[in-house]
1. Which count do you get for residues in segment 228-242 that are in contact (Cβ under 8 Å) with a residue 40 or more places away in the chain and either small (Gly, Ala, Ser) or buried (at least 21 other Cβ atoms within 10 Å of the Cβ) (or both)?
2. Yes or no: segment 153-162 includes at least one residue that is touching a helix residue (DSSP H, G or I) at 6+ places or on another chain (Cβ under 9 Å), modelled with pLDDT under 90 and not in a helix (DSSP H, G or I).
3. Within segment 168-195, work out how many residues are within 13 Å of THR237 (Cβ to Cβ) and outside any loop (DSSP other than H, G, I, E, B).
4. Only one of ILE197, ILE215 is free of Cβ contacts under 8 Å to residues at least 40 places away in the same chain, open to solvent by less than 10 Å² (accessible area, probe 1.4 Å) and among the β-branched types (Val, Ile, Thr). Can you tell me which?
5. Would you say ASP245 is outside any loop (DSSP other than H, G, I, E, B), touching a Leu at 6+ places or on another chain (Cβ under 9 Å) and either open to solvent by 10 Å² or more (accessible area, probe 1.4 Å) or modelled with pLDDT of 80 or more (or both)?
6. Here's a check for you: in segment 272-295, which residue that is open to solvent by less than 30 Å² (accessible area, probe 1.4 Å) and assigned to a helix (DSSP H, G or I) is nearest to GLN66 (Cα to Cα)?
7. If ASP310 meets every condition in (1) surrounded by 14 or more Cβ atoms within 10 Å (Cβ to Cβ); (2) closer than 30 Å to PRO363 by Cβ; (3) over 20 Å from the mean Cα position of the chain (by Cα) apart from one, which number is that one?
8. Mind checking whether some residue in segment 301-320 is among the aromatic types (Phe, Trp, Tyr), assigned to a helix (DSSP H, G or I), free of Cβ contacts under 8 Å to residues at least 40 places away in the same chain and more than 13 Å from THR124 (Cβ to Cβ)?
Amino acid sequence: MSSIAELGGGESRAEYVRGFDEKSLPETTQQIELVDGGIRVIDWFHGPADFRDPLDVAILRSRSFQKQREISQLGHRPGYRAALDVGPHTRYDHAVGVWLLLRRHGASREEQLAGAWHDTDHGTFSHSIDYLHQDTLHQTHHDDRLADTDAPSESRQELAAILAAHPEYGIALENVLDLSRHPLQERPLPDLCADRIDYWRRDAISGSRYGRTIITLGRARQIIDGISVREIDAVPTWTLASWEDAREMAETFRYLNEHFYTGDRSVAIHRATTECLRHAIGMGYIGEDDLYHVDEVELLAHLDTYCESDPHLDWLRRRMDDPCAPQLVLDNPRETAIRHKRRVIDPYYLRDGRIVRLSDTDPDWRTEVNRYLRDQRSGGAHSVLDY
């Protein structure tokens, strides 16, 4: 428990009034150039927001930020959407969502940039690349690339150039990329952070646009609109409005973990994508570096030119797009142990004017959190069905 210190600041609340029907909006975030040189982004949850600050505009126009439009959030888009009935949202959509959340709640300019830029070193097919590199337990390959100072990635170099071109802000590259300085953007599990809040609302709510409801749009809006930023031991912390909000967010996040992030069907899609990429790299059809410079549609179109002469590649490609493939895996298992990242949240909420953690007041959730953390520490193997 902790005493409360309310943090203010940020954009006007009026900017985020959502006078529109979410289902009528495009599925992915729109970016519109304004006549005054600014940029308007339209996120189907947050609504429209205008950026006119020169540094913000430079970030939005940058190649690394725009490249995220072609990187699907969850994995190979056609396979994921067909097998799990989720929306086609991208890393760009996620980056904008995180940025708007931080902006709305008065995060520093430095922290907003950290949120906007945090996924720019994801490769094609997002976390499928972690499977390719056999890092399914931690899934930090994109973070490691962005943090690498010995062989700086294109994304790191571009951010450095943008900041150097705008010295009037006095923002150092190292400070943006140092996540320890940005507790609203990134916190260790099971804490809540902007990254996880956007994951939750985007992955849970997008299904309601396709007939599967994990949480309704109205209820998710109520929970997120009730979030505030409070200080716990001088650290800004996301805080939910009530026990009901905290428990529902935690429960629906658990559903996402079990059915999407670590579910058999999800893992099967990642494995299908990984096996295709590994074969293509081994045969010299693509280089590993292409995964960070060629968008998904272009890369797959290139691979398809080899399918006629390589029947095995043809089979791997068709398997990636087959919505029945995960079920075939379940029906015909060849067990392979996979150590995967376990995700669980244990949010803070307000109770009688005090900040408390959900697990401190909910013994059932304390048991759940301890189980997830124990599994993660032990590298809990997941019996994945390969084919």
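1. Residues in segment 228-242 being in contact (Cβ under 8 Å) with a residue 40 or more places away in the chain and either small (Gly, Ala, Ser) or buried (at least 21 other Cβ atoms within 10 Å of the Cβ) (or both): 8 in total.
2. Yes, because at least one residue in segment 153-162 is touching a helix residue (DSSP H, G or I) at 6+ places or on another chain (Cβ under 9 Å), modelled with pLDDT under 90 and not in a helix (DSSP H, G or I).
3. The total comes to 1.
4. Only one candidate passes the filter, namely ILE215.
5. No: the conditions fail for ASP245.
6. TYR292
7. (2)
8. Checked against the condition, which is being among the aromatic types (Phe, Trp, Tyr), assigned to a helix (DSSP H, G or I), free of Cβ contacts under 8 Å to residues at least 40 places away in the same chain and more than 13 Å from THR124 (Cβ to Cβ), segment 301-320 yields at least one hit.
The values are calculated or read from the model by the stated rules, or taken from the named source; none is laboratory data. These numbers were taken from a predicted model, which means no experiment stands behind them. Counting neighbours? That spans all protein chains shown, and the Cβs are built from the backbone with ideal geometry, glycine included. Calculation scope for accessible area: heavy atoms of the full protein, side chains included, ligands and nucleic acids excluded. Shrake-Rupley method; radii C 1.70, N 1.55, O 1.52, S 1.80 Å.
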